[in-house]
Every structure is written in structure tokens, then in C-alpha cells.
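The values are calculated or read from the model by the stated rules, or taken from the named source; none is laboratory data. Every value quoted in this text rests on a predicted model; they were computed, and no experiment measured them. Reconstructed Cβ throughout: ideal geometry from the backbone, glycine too, with neighbour counts over all protein chains shown.
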């Protein structure tokens, strides 16, 4: 019999729905797995087993008394520690916010609770969700980084501590750790998921992310959490059509293979593995080149991101610079030096790239492109370069990393799919098809 912690979110939910599995039994299995793995992996910034079990008992009682149940009823979820939780601290992995207890849940967390999920604890983030590594290790090799900044969420899924986890991305903080840890990491289109109650960096770049063992897991989570957030200026549309329903399509997607402007920065073995994978798809993936304007994507994002971080952290920088890492302080200082004219130019350049992208890729369901420059670096070398996600984050396009490849030393290597602007169902449909294709190519 397969251990509970090895089963997918959708599989577990089916048994929870019929009563064949209780929320308490599943939560206890997750807590036992955490107890066994956490000393080596260190994925959790806060964990209160009894609080998790209180939620699980309440979920089982709700089922027993016949009350309405949510779409995630009884499923344990990890929450990145830049996302506010009223019953748990949210500290941003910073001494500046040690002991911070929000007075209300972030909108994402409130929706998790309404959906019936069990909030197990807070997963480790890099300091202020930027580049400084936290204590978390990669479950595939504890000598290596899990990536950042959603380190704990990716590691918790990879170590099978919980079936679902919340992440975020302002550059590559969902896609890169998913690639390094061999899990599915999904960054929906900008505006699909609510951001109220999440640490703010840059209003055009901050995007919540979702992690699971498979595409069905992130689709399930997105369906429960997506929708208008009146307090978020980028939340201007209703939730997309059911992503779970989109996964069942057997239609072969139209795929473009895009190396992107940073292909030559990839490790040679990773570059070769990715090229071999694309060749295996044959005519299923059409090569497409991006124009030179995309070569500046990283500079454009850096300008927008650094000014956003400088704005968000200006009081902390002025009052407590000594409690900031040099990496975070450097981003703040870079942002403070950007002129208004340069920032306006960056906004305009972003819009030009979005316009080209919308026009060029109308006839494709998704782009295939690398998720990272290679396998996870050694932990002492930092959290890895996010640049393979940079272009798509800048555009606000939906993106997902799939654990389809194996790199050096047997380490995971993700394949990134990028969807058309605002077409999350199309992206998830293509991702599910590619997931099936990789498992059973002769049956497609």
C-alpha cells in the first residue's frame, strides 16, 4: 500500500471526499513525515503540530455533521513565510520582523481556510524573499540549495511533507526552486491570485505561486484560490475557467521552443539535456526566436524590482540597516538610485515586450523553455540564478516548471512552459499533456 505522503493531492482528496480517509489521519501522516525529514531538510519556519491537528479535527467534525465542504477539505498545505497568517507568525526570515504576528490572514490564506485546507505551518523563505539563502536544504541532496526564495515550499513538496504549498515569485522564486527540487511549480498570470496580505516588492512583478507533486495538484489549488481581490490593483478579472477541467483535454498542444536571451548562460550538461528533450518532441515543438529587444528583459525587471523593494523597505533601511543583509541593502540602494525617467522607460519597455509577445505567440498554446540554468548549486554557493524565469515574470505571463528531466548527479532539472498572456487554462492543458507524454510517449 502506498504511503499517504507519497500520494498526490487529487488522489488524497478523492479519499477524503468519500470518508475513506480522515483529515486527522492525513495530517498525522504529514506531521510524522515532517518529524522524520525536518532535521535534515529544515523546510519550516514555524510548525505547531497541535494547531494543525485542531484544524484537522474540526474538518472531520464538519464532515460528520453534514456541513458544506470546500474543494480542499482536509488537505494539508504549507504557506510561505511572507504570506500573513493570523494564528501563526509571519517573519519574512528577517530579524527586523522576529515575533511579528499579523492580526489577519492574507486573502490567499483566508481562501485556503474557506476551502477546507489544513494550514500546517509556515515554510522558510529567503530574507525578505530576495537572494540570501536560508537554512533549507534540497531533499535530493542536502549539500545543495533548494533554490529561493520559496525554498521551504519546494523542499516540503519534494520531501513529501505536505501535498500542496503556497509560494511567490517576483523574479524566479517559484519556477527555479521547483526545477531544483523536482516538483511542479506554477506561477499564474499576474492578477489571477490575490496578493493582499503578502509582502510587497513590486506591483507589476509580485505574483503568488503554487507547488505540488503534479499538474493536477496546482490546478486544484488554483481553482480554489483564484478570483477578484478588490484590495489588489492588479486583480481586475474574474477567475479563469476551471483549470482542473482543462487538464482532461486530449488535444495535442501547439508548442513553440524558445531558447530565450539567456540560453548561453546555461550549464553545458543542462543545455544538452534540454536540447535532447526538445529533439525528442520532433515536430511537436516549433523553434521560435525572440527579437533583440528581449535581451534587455533582465535589466528592465531589475529596474522595476529594485525600485519596488526600495519603496517597500525604505523605513526599515533608514532605521535598521544593520539588521539587513548586504544583498537586500544592495537592492534597496540600487532602487533608490533609479531616476523617475528610467523607471518610466522601464514600464514602457515592458509594455512593448508584452505587445510583441501577445502578437507573436497567438497561434501557440505554450512555449517550452528552460526553467533554470542547471541543477541546484551547492548550498554555500547561494540559491541559484533566477534568470530563466525573468523574461516571463516581467511579462506577467503564466508559467509552470515540470520535473521532466534529470541532470548531473541524478539531480532534477525542470522544463518550463509559458502560456499566452492571461491564458492559464491553455497553459495547464499543455502542461498536463506534456506530463502524460513524458510518462507514456507511445500512448499519445
- prompt: Out of region 64-89, which residues are outside any loop (DSSP other than H, G, I, E, B) and either within 17 Å of residue 149 (Cβ to Cβ) or in contact (Cβ under 8 Å) with a residue 40 or more places away in the chain (or both)?
  reply: 76, 77, 78, 79, 80, 83
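Is it true that residue 197 is crowded, with 24+ Cβ neighbours inside 10 Å and under 25 Å from residue 131 (Cβ atoms)?
It is false that residue 197 is crowded, with 24+ Cβ neighbours inside 10 Å and under 25 Å from residue 131 (Cβ atoms).
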query: Counting just the residues of region 9-63 that are within 21 Å of residue 244 (Cβ to Cβ) and part of a loop (DSSP other than H, G, I, E, B), which one comes out farthest from the chain's Cα centre (by Cα)?
result: 20
query: Quick one: would you say residue 417 is more than 28 Å from residue 327 (Cβ to Cβ), in contact (Cβ under 8 Å) with a residue 12 or more places away in the chain and not in a helix (DSSP H, G or I)?
result: yes
- prompt: Has region 363-383 got at least one residue that is under 14 Å from residue 260 (Cβ atoms) and out of contact with any strand residue (DSSP E or B) (no Cβ under 7 Å at 6 or more places or on another chain)?
  reply: yes
message: Filter region 121-145 down to the residues that are under 20 Å from residue 385 (Cβ atoms), within 15 Å of the chain's Cα centre (by Cα) and not in a loop (DSSP other than H, G, I, E, B) and list them by number.
response: 129
- request: Would you be able to say whether some residue in region 266-278 is on the phi < 0 side of the Ramachandran plot, surrounded by fewer than 16 Cβ atoms within 10 Å (Cβ to Cβ) and in contact with a strand residue (DSSP E or B) (Cβ under 8 Å, 6 or more places away or on another chain)?
  value: no
Long-range neighbours under 9 Å by Cβ, at least six apart or interchain, first residue at positive phi within region 147-172, second surrounded by fewer than 24 Cβ atoms within 10 Å (Cβ to Cβ) and modelled with pLDDT under 95: 160/3; 160/5; 160/6
task: Go through the residues of region 102-120 one by one and say whether even a single one is assigned to a loop (DSSP other than H, G, I, E, B), more than 18 Å from residue 377 (Cα to Cα) and without any contact (Cβ under 8 Å) to a residue 24 or more places away in the chain.
output: yes
statement: The number of residues in region 368-384 that are in contact (Cβ under 8 Å) with a residue 12 or more places away in the chain and outside any loop (DSSP other than H, G, I, E, B) is 6
message: Can you tell me how many residues within region 245-270 are touching a residue at least 40 places away in the same chain (Cβ under 8 Å), within 30 Å of residue 376 (Cα to Cα) and assigned to a helix (DSSP H, G or I)?
response: 4
- request: Kindly indicate which of 56, 45, 86 is closer than 17 Å to residue 115 by Cβ, modelled with pLDDT of 95 or more and touching a strand residue (DSSP E or B) at 6+ places or on another chain (Cβ under 7 Å).
  value: 56
- prompt: Residues in region 1-24 that are in contact with a helix residue (DSSP H, G or I) (Cβ under 8 Å, 6 or more places away or on another chain), more than 15 Å from residue 213 (Cβ to Cβ) and buried (at least 16 other Cβ atoms within 10 Å of the Cβ): how many?
  reply: 5
- prompt: Can you name the residue in region 220-257 that is in contact with a helix residue (DSSP H, G or I) (Cβ under 7 Å, 6 or more places away or on another chain) and more than 20 Å from residue 364 (Cβ to Cβ) and, of all such residues, is surrounded by the fewest Cβ atoms within 10 Å (Cβ to Cβ)?
  reply: 242
message: Looking only at region 146-194, filter to residues that are in contact with a strand residue (DSSP E or B) (Cβ under 6 Å, 6 or more places away or on another chain) and part of a loop (DSSP other than H, G, I, E, B); which one of those is surrounded by the most Cβ atoms within 10 Å (Cβ to Cβ)?
response: 150
- request: Look through 122, 80, 98 and report the one residue that is in contact with a helix residue (DSSP H, G or I) (Cβ under 7 Å, 6 or more places away or on another chain) and within 30 Å of residue 317 (Cβ to Cβ).
  value: 80
